[in-house]
Amino acid sequence: MNDATVLSRNKVEVRGGRIKAGKAGWVEVGTEPVIVGRNAQCSIVLDDAKISAVHAELVATEQGVRVRDLGSRNGTFAGGVRVGEVFLLAACKLRLGETELTFEPARPERITVPSIPAFGPLVAQSAGMRGIFEKLSKVASTDLTVLITGETGTGKEVAAQAIHQASARAKKPFVVVDCGSIPSSLAEATLFGHERGAFTGAVDKRLSPFVEAEGGTIFLDELGELPIEVQPKLLRALAERRIKSVGGSSYREVDVRVLAATRRDLVRAVNTGAFRSDLYFRVAQVRVELTALRQRLEDIPVLVRRMLRDLGGDEASFDRVSNSTLERLMRHDWPGNVRELKNAVAVAYALAGEGEELDVAAHLGALTEIHEPHVAGPPPSSAGGPVSSGAGASFKGKAFQEAKHDVLARFEREYFAGLFDEAKGNISEIARRAGMERAHVRTYLKRHGIHGKTEGGEA
Ligand SMILES: Nc1ncnc2c1ncn2[C@@H]1O[C@H](COP(=O)(O)OP(=O)(O)OP(=O)(O)O)[C@@H](O)[C@H]1O
């Protein structure tokens, strides 16, 4: 375990520094990213035509000050070498466009930042994530807008919910808007609501999620996918805290805290023109980057322990995970991050007999590996539990792997058939309830022949 950087359960160390451009003053580089570019809202604004709007970013990490080029046109150079991402430990010169920047590491070299081992339902062992939890707990009590970034399954939505729960708004609604599933033509109506008859198809009045979230929190998920045309309107709503529905005649004030998440590198999208810089800076008042699981493998044991507990296991359940299983988990690449681990733990737990070893590593990627043509067909009408009681009979005479696949397939089919009915075929809703991506949901529905009117063509 990478405990070297953990001072105590409540402190972690990062390496920071300071940076200055030409004769300008020094700017400290701590755990809040410093963005350098031509855009007036950057932390260091440089008037150099060869520099991009948002050019590079510096932040203190456990490994040193991380310098990241943000997809700039002319590149970022450290010691004469063009870099995409580099960690600085010693004094050096950076060059952006025609401007030279001087970097110096902090004295003392390591900065101590507070950390906590859990935030809401999120747990971690790694110093970086525990520092992030501390930051989340601090911002929770404010009304600051937070942009949570990270790969799929790193816990962005759960972190947003936890911020809401830890805030003074906890008793008010937490409303999720999936910006990734808003068609351009309906973006404004989806964000701000519409009056009855405002456009063809607007048979009923529809409330804005900002109104539904009144007094609470609105979570703009997949913000990076928000159609460009509606971005100025969202910016205005966020700045003025008032909205007007499509077809409405007046503005209405809203008291809503905004949280957002994206899998995309939004600050880079600013340089390509896919995302407006003013909206980016408005939303990213505080930025939190959830680390990919492959970069914090030491979190796996505490995550597994927590997941088993959530599944109803007692303290002894974790002892059923062997060291060799943990080692195999540590060697995995984790494209689905914590969600992938959670699925593997759930399947291992459901399939193991009482007291049997939990072979979590055997179920990695189970979501994409199973292809049994013999299980396709209409879902059975009686929905059982995760592993339904009638499945036993079909084990007879089958090899273990085949029998296991049958049970899993049956579980998947019943699970998704049930959710499909509950969510009335709404893919986004199914994805949300299942805690997985829409693309995965579609794969499952297709695999098991589950479809209805809503997305019949796709499912
Ligand atoms: N640190 C953690 N501790 C415990 N559970 C976690 C942690 N991080 C993520 N999870 C679990 O992993 C699952 C995926 O989390 P979540 O849906 O928040 O991911 P996401 O980053 O929003 O994914 P996507 O980008 O695909 O929407 C959830 O079930 C969540 O509870």
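Only the coordinates and a few stated rules stand behind these numbers; no lab work does. Quantities reported herein were computed from a predicted structural model and do not represent experimental measurements. A quick note on method: Cβ atoms are made from the backbone with ideal geometry, for glycine too, and the neighbour counts reach across all protein chains shown.
How do the peptides 88-99, 154-165 rank, highest first, by the average count of neighbouring beta carbon atoms within 10 Å per residue?
Result, highest mean Cβ count within 10 Å first: 154-165, 88-99.
Please compute the Cα-Cα pair-distance distribution of region 259-304 with 10 Å bins starting at 0, giving whole percents from short to long.
22, 40, 24, 14, 1
Taking the C-alpha atoms of region 202-278, how large are the radius of gyration and the largest Cα-Cα span, Dmax, in Å?
13.6, 40
When 1/r is averaged over all different Cα pairs and the result inverted, which Kirkwood radius in Å belongs to region 281-371?
14.0 Å
When the convex hull of the C-alpha atoms of the chain is computed, what volume per residue in Å³ does it have?
174 Å³
When a/c reaches 1.5 or more, the comparison of a/b and b/c decides; with that in mind, is region 184-233 rounded, prolate or oblate per its Cα gyration tensor?
Oblate is the answer for region 184-233, as a/c is 1.5 or above yet b/c matches or exceeds a/b.
Residues with beta-carbon under 15 Å from that of Ala239, excluding Ala239: net charge, scoring Lys, Arg +1 and Asp, Glu -1?
The answer is +3.
How long is the gain from Thr272 to Glu437 if the chain were fully straight, where each residue apart is worth 0.36 nm and the alpha carbon distance is subtracted?
56.9 nm
After finding the eigenvalues of the alpha carbon gyration tensor for region 84-167, what semi-axes result from the square roots of 5 times each, listed largest first in whole Å?
Working from the Cα gyration tensor, I get semi-axes of 31, 16, 13 Å.
Taking the convex hull of the alpha carbon atoms in region 121-265, what volume per residue do you get, in Å³?
Dividing the Cα hull volume of region 121-265 by its residue count gives 112 Å³.
Asp255 to Lys205: extension gain in nm, 0.36 nm per residue of separation minus the Cα-Cα distance?
15.9 nm
So what are region 400-448's ellipsoid semi-axes, whole angstrom, largest first, if each one is the square root of 5 times an eigenvalue of the alpha-carbon gyration tensor?
The three semi-axes for region 400-448 are 21, 10, 8 Å.
Could you work out the per residue convex hull volume over the alpha carbons of region 11-110, in cubic angstrom?
That works out to 88 Å³ per residue.
With bins 5 Å wide starting at 0, give me the P(r) of region 39-182 over every alpha carbon pair, in whole percents.
2, 8, 14, 16, 14, 15, 14, 10, 5, 2, 0
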